[in-house]
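Report on one structure; see the data block that follows.
Bear in mind these aren't lab numbers, they're just calculated from the coordinates by the rules spelled out. Bear in mind that the values here come from a model prediction, so they are computed numbers and not experimental data. Don't worry about glycine lacking a Cβ; one is built from the backbone with ideal geometry, like all the others, and counts go over all protein chains shown.
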Amino acid sequence: MRISVIGAGYVGLVTGVCFAKLGNEVTFIDIDAERIEAINNKSSPIYEEGLDKLLKSVRIKACFDFQEVLNSEIIFICVGTPSNEDKFILLDQIEKAAKEIGQMLERREEYCVICVKSTVAPGTTEELVIPILEKSGRKAGTDFGVCMSPEFLREGKAVYDFMNPARIIIGEYDKRSGDILSKLYRSFNAPIMRTHLKIAEMTKLASNAFLATKISFMNEIGNICKKLGIDVYEVAKGMGFDDRIGSKFLNAGVGFGGSCLPKDLGGLISKSRQIGYEPNLLQEVLNLNDEQALRLIELLKKHISLKDATVGILGLAFKPETDDVRDSRAIKIVQALLQEGAKVKAYDPMAMKNFKKLFPQIEYVTTDKVLNSDAIFIVTEWQEFSELDYTGKVVVDGRRIEKARGARIYEGICW
Ligand code: UDX
Ligand code: UDX
């Protein structure tokens with residue numbers, strides 16, 4: 001099929017390159033000149049395992065121009081949906097993309113499908129996107145089709161997750177558009193659930209909110225276990241045998257970060273309040289996550305005074321195998337350390353460049369230098385941290401690095 005992808009970010013790029021790999025003709029439309037140039041030079045503008053190699057093996061193009069929409073059978077909207085300080089999911093990029101597509105619809109006769117893939121609050125596709133598209137004078141469900149099909153890919157595993165989805169959710173405004181999108185996904189070995197637009201939007205938010213709840217739940221259990229002097233990871237093992245609970249996402253630690261879980265949970269909370277329901281449980285999941293990161297500081301204070309102390313940070317990315325620091329727990333921890341008057345030395349195999357944009361005032365050093373600090377925080381579970389020598393050190397571990405137990409003073413955040 002001929003596909004256009006509006007927004008070549010994490011989701012857009014992986015979506016487009018993988019569909020090209022499956023034999024579709026893909027064009028990216030983005031506002032970022034650097035990103036467009038990189039894609040046309042066959043080099044991936046984001047670090048994602050296997051993506052660069054895949055990009056070099058497919059025929060695709062990237063441009064600014066929405067002209068391509070005139071020629072496409074399916075147009076995916078994958079622009080950013082960041083949130084504001086009140087945690088509302090911002091839809092201005094979606095609105096802009098819909099307007100541009102609408103202007104193209106005026107000039108096309110042939111039916112095509114517009115599919116929202118960015119994470120949006122329930123009702124966005126029906127109440128915002130369709131009215132904008134219909135300003136073209138074309139009618140949704142007749143002249144063009146509309147779908148909402150969320151992505152569930154994880155950073156660091158995005159290509160694998162895209163090609164091996166647990167399920168494909170297709171929210172459809174009209175049956176014809178759902179048929180076309182199902183045909184595009186026909187080669188995927190996954191159940192296809194066809195449903196309403198709002199249900200597809202809510203399924204994405206609820207899925208991420210549930211993953212976040214599992215993590216905050218285990219962190220709370222971990223905090224209790226630590227007080228009881230028992231190991232939460234052993235408890236998680238026992239719990240995980242029950243497939244109603246599932247063994248995944250039970251790793252207690254310093255909390256969840258990234259561009260999705262905190263943002264989507266916040267987006268669901270603010271949408272819920274907007275429609276007059278107070279989501280106490282979801283709010284508590286977020287509160288606990290905010291407090292959990294600061295437990296590292298409280299635990300270290302039991303052993304040393306932080307004023308003028310040098311604290312080393314191992315791990316800045318929100319999780320291993322990515323250079324992404326969006327909403328990383330390291331941000332809260334470094335902020336708090338600086339407020340306490342400590343000096344910070346940090347190391348991360350991939351994310352120092354991105355973290356430096358947020359904290360130019362701290363030192364970025366090698367692991368040796370971090371290990372020579374007065375105390376060490378482990379914030380991201382990069383494999384290489386399991387090979388370091390922690391003998392004689394003071395370590396507060398937020399990510400369960402067994403080797404660190406060899407330290408002179410070792411505190412697990414919730415074990
Ligand atoms: C996006 C959404 O933000 C997220 O909610 C959803 O879950 C997945 O898709 P991501 O792909 O990580 O996430 O976004 P980002 O990396 O910010 O990429 C957005 C892309 O859209 C960027 O390449 C940006 O240049 C582009 N863009 C933004 C446009 O092409 N036009 C615009 O008007 C704005
Ligand atoms: C997440 C969802 O997994 C994915 O389906 C969705 O499309 C986007 O959001 P991602 O943000 O890449 O993906 O990260 P994920 O691997 O889910 O980890 C999220 C955070 O939770 C990380 O900070 C990670 O360290 C933390 N985490 C994860 C835990 O603290 N404990 C766990 O057991 C698992």
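Taking every DSSP bridge with both residues inside the chain, close to 10 percent are antiparallel. Amide H to amide H, with H built 1.01 Å from N, Thr195 comes under 5 Å of Ile170, Gly171, Glu172, counting only residues 5 or more places away or on other chains.
At 222 nm, what helix-only mean residue ellipticity would the chain give, in deg cm²/dmol to the nearest 500, using -39500 (n - 2.57) for each DSSP H run of four or more? Spell out each step's value before the answer.
Numbers: 14 runs with 161 residues, N = 415.
Counting only the DSSP helices, I get -12000 deg cm²/dmol.
Cross-link check: pairs Lys271/Lys343; Lys301/Lys403; Lys53/Lys175; Lys263/Lys356; Lys117/Lys175 evaluated at a Cα-Cα cut-off of 28 Å; pairs beyond the cut-off: Lys271/Lys343; Lys53/Lys175. Legend: calculated FRET efficiency, Ala206 to His303, from the Cβ-Cβ distance at R0 = 60 Å, rounded to 0.05, equals 0.90. Using the empirical formula 2.2 N^0.38 Å as the baseline, the Cα radius of gyration of segment 174-311 reaches a ratio of 1.39. Measuring spread by the Cα atoms of segment 239-330 yields a radius of gyration and Dmax of 16.5, 49 Å. Among 239-246, 263-270, 281-288, sorting by the average number of other beta carbon atoms lying within 10 angstrom of each residue, highest first, gives 263-270, 281-288, 239-246. When the Cα convex hull of the chain is projected onto planes of every orientation, the mean area is 20.7 nm².
Derived scalar couplings between HN and Hα for segment 127-143 equal 8, 10, 5, 4, x, 5, 5, 6, 5, 6, x, 8, 10, 5, x, 10, 7 Hz in order, rounded to whole Hz, by the Karplus curve 6.51 cos²θ - 1.76 cosθ + 1.60 (θ = phi - 60°), x for Gly and Pro. A simple spin-label model places the labels of Glu284 and Asp86 2.6 nm from each other, with each point 7 Å out along Cα-to-Cβ.
Which value, in debye to the nearest 20, gives the size of the charge dipole of segment 63-105 about its Cα centre, when Lys and Arg are +1 and Asp and Glu are -1 at the Cβ?
On the way: 3 positive and 8 negative charges, 12 e Å.
Value, rounded to 20: 60 debye.
About its Cα centre, the dipole of segment 60-139 is roughly 120 debye, where the only charges are +1 on Lys and Arg Cβ and -1 on Asp and Glu Cβ. Between Ala346 and Ile313, Glu363, Tyr364, Val365, the built amide H atoms are under 5 Å apart, and every one of these is 5 or more places off in sequence or on another chain. Straight-line reach from Lys135: taking Cα to Cα under 16 Å and skipping same-chain neighbours fewer than 8 places apart, the lysines in range are Lys96, Lys99. Amide hydrogen proximity for Ser83: with H placed 1.01 Å from N in the peptide plane, the residues at 5 or more positions away or on another chain lying under 5 Å are Leu90. A full extension of the chain between Cys63 and Gln274 corresponds to an added length of 72.2 nm, given 0.36 nm per residue minus the alpha carbon distance.
Here is what passes the span test in the chain: the DSSP H helices with alpha carbon length of 15 Å or more along the helix axis and a Kyte-Doolittle mean of 1.0 or above are 10-21.
Only one residue of Val232, Gly141, Ala166 has its Cα farthest out toward the positive end of the dipole of segment 127-253, where Lys and Arg carry +1 and Asp and Glu -1 on Cβ, and that residue is Gly141. Taken about its Cα centre, the chain carries a charge dipole of about 460 debye when Lys and Arg each add +1 at the Cβ and Asp and Glu each add -1 at the Cβ.
Length available on full extension from Ile192 to Lys353: 0.36 nm per residue minus the Cα-Cα distance, which gives 54.0 nm. The modelled label-to-label distance for the pair Ala166/Ile31, using points 7 Å beyond Cα in the direction of Cβ, is 3.4 nm.
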